[in-house]
Structure formats: C-alpha cells, structure tokens
Amino acid sequence: MNGDQSGLRAREAAHEGPPALSLRLGRVLGDDTTHPVRARFRFDPDTPMVIAVTFMPGPGASVTWSIGRELFHRGLSRGSGEQDVQVWPARDLPGLAWLMLHSGGVNALFQLPVEPLAEWLAATYRAVPAEAESRALDWDAFLAEILGTPGVG
C-alpha cells in the first residue's frame, strides 16, 4: 500500500459542497433607498434541498432563514416561490434579483447579485445534483428536526 488516498480525499471533498458564500445585499427601505446587509449562504450536502441564509444587518445581530435551493435557482431567471419566500429577476436592474421574505406581517425586500449566487448554486448542484437530493437526505432526522420531535426514526 503506497498511502495515496487522493481518491478518498476527492470523494470526501465532493460531499462537503462549496464553501459558504458571503454577499452584500441591499435591503430596500422604500423610496429607492437601500441599506447594505451582509448575508452568508451555506449549503449542507446532508440537507441538499435547503440553503441556509444568515442575514447580518449589524454587529452581533443575525437571523438565519432556510430557503429551498430550487426556489433560489429558478428565481434568478423567473419568478419562484409564494407566501413567505419569493425570488424573481429585477427586470429593470440588470444583474440583480429580488428576494422577498415575509414573517409576522412584516416584509423585507432584498436585492441579490445574480452572478455570484448563480455560480455558487451551480457548485451546490455539482456537489449534489437535483436528482440525488432525496437519496442524500435522512428523512427521519430531517422530519424530526423540522417537527421538533426528538427520537423519531
């Protein structure tokens, strides 16, 4: 045995997915006023259907939303989503898309830069293709987590 484990490392790296993506978004405050907000997009190959987006509006403040990967993917080129999360191209602002979040009667509208997000999403699909999503997901653990029921499975 020569100790070459490069094949093993390559397989492990493929299952890690791309590194987190940090972007500066614009939060629309009205009257064409935007406020910069940092956001970190994370992909976990163990839950490939979901992108975790952590919004960091200021020092020490953050909130994380779990948003469907396909919703982002489709939304960058055509409207996607409904109710709590929507993504659609900003037709009047080339290179940007809109992200609308709704919670507790409050809406937040953000401008997304399309190119870096589209490239990062493509890397997530290389790590776990759409057709392999259901095989990669531990359904019992996923349902236990979202339903808050420990010990399911």
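Some values worked out for this structure:
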| quantity | calculated |
| --- | --- |
| Residues (modelled with pLDDT of 90 or more and assigned to a loop (DSSP other than H, G, I, E, B)) located in region 93-115 | L93, P94, G95 |
| Qualifying position, being out of contact with any helix residue (DSSP H, G or I) (no Cβ under 7 Å at 6 or more places or on another chain), over 20 Å from R24 (Cα atoms) and either surrounded by fewer than 16 Cβ atoms within 10 Å (Cβ to Cβ) or among the aliphatic types (A, V, I, L, M) (or both), among G60, G104 | G104 |
| Near pairs, Cβ below 6 angstrom, 6+ apart or cross-chain, from region 5-32 (exposed (fewer than 10 other Cβ atoms within 10 Å of the Cβ)) to any residue that is among the small types (G, A, S) and modelled with pLDDT of 95 or more | none |
| Residue check, R38 loosely packed, with under 12 Cβ neighbours inside 10 Å, over 18 Å from R126 (Cβ atoms) and among the basic types (K, R) | no |
| Positions within region 65-85 being more than 10 Å from the chain's Cα centre (by Cα) and without any contact (Cβ under 8 Å) to a residue 40 or more places away in the chain, in sequence order | R74, G75, S77, R78, G79, S80, G81, E82, Q83, D84, V85 |
| Complete set of residues in region 40-91 that are at pLDDT 90 or above, acidic (D, E) and either at positive phi or in a loop (DSSP other than H, G, I, E, B) (or both) | D44, D84 |
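The values are calculated or read from the model by the stated rules, or taken from the named source; none is laboratory data. This structure is a prediction, so every number in the text was calculated from the model and none was measured. As a convention, Cβ positions derive from the backbone with ideal geometry for all residues, glycine included, and neighbour counts pool all protein chains shown.
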